[in-house]
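Working notes, structure below.
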Amino acid sequence: QVQLVESGGGLVQPGGSLRLSCAASGSIFSIVAMGWYRQAPGKQRELVATIVSSGHTHYAESVTGRFTVSTNNAKNTVYLQMNSLKPEDTAVYYCNADVIQTVGHPQFEYWGQGTLVTVSE
């Protein structure tokens, strides 16, 4: 089994910054990709940013230029640096990882429990 544990959420004023972290642990052979999704009240969960093992990244248009996703592969950790935060960034942010637990086996998707980010005066 694989566990994803997020940290770094909280309350921040508009224009401020936060850094989210997500550490993967458990039975891991390799991580194919990691990323962040978010779900605002009354809305569907949406992709924020992803990064694959090659280092290629993808961002939602709404966060491009403000958010940066990165990884520390040695620590199986993904980060989301969020700058110039807006009230519409308020949501529960979920970490996601596609993990191969055993060589030759297919990858499985795992989710963290979520961390709340609130952007407000």
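The values are calculated or read from the model by the stated rules, or taken from the named source; none is laboratory data. Fair warning: this is a prediction, and the values are worked out from it, not measured in the lab. No Cβ is skipped: glycine too gets one built from the backbone with ideal geometry, and neighbour counts run over all protein chains shown. Heavy atoms of the whole protein, side chains included, go into the accessibility calculation; ligands, DNA and RNA do not. Shrake-Rupley method; radii C 1.70, N 1.55, O 1.52, S 1.80 Å.
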message: For Cα pairs less than 8 Å apart in space and 6+ apart in sequence, what is the mean separation divided by the residue count of the chain, i.e. the relative contact order in percent?
response: 37
- prompt: How many times 2.2 N^0.38 Å is the alpha carbon radius of gyration of the range 1-63?
  reply: 1.29
Nonlocal amide H pairs with residue 90, under 5 Å, H built at 1.01 Å: 119
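From the protein chains alone at 1.4 Å, what is the descending order of accessible area for 89, 98, largest first? Could the numbers behind the result be given before it?
Details: 89 0, 98 35 Å².
Result, largest first: 98, 89.
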Dipole magnitude (debye, nearest 20) for the chain, charges at Cβ of Lys, Arg, Asp, Glu: 120
query: Roughly how many Å² of residue 116 are accessible to a 1.4 Å probe, to the nearest 10?
result: 100
- prompt: How much of the accessible area of the chain, in percent, comes from carbon and sulfur atoms when a 1.4 Å probe is used?
  reply: 50
Relative contact order for the range 19-71, counting Cα pairs under 8 Å that sit 6 or more residues apart, in percent: 26
message: How charged is the neighbourhood of residue 83? Take every other residue with its Cβ under 14 Å from the Cβ of residue 83, and add Lys/Arg as +1 and Asp/Glu as -1.
response: +2
query: Out of every Cα pair in the chain, what percent are spaced more than 22 Å from each other?
result: 30
message: Just the number please: accessible area per residue for the chain, 1.4 Å probe, all protein chains included, in Å².
response: 53
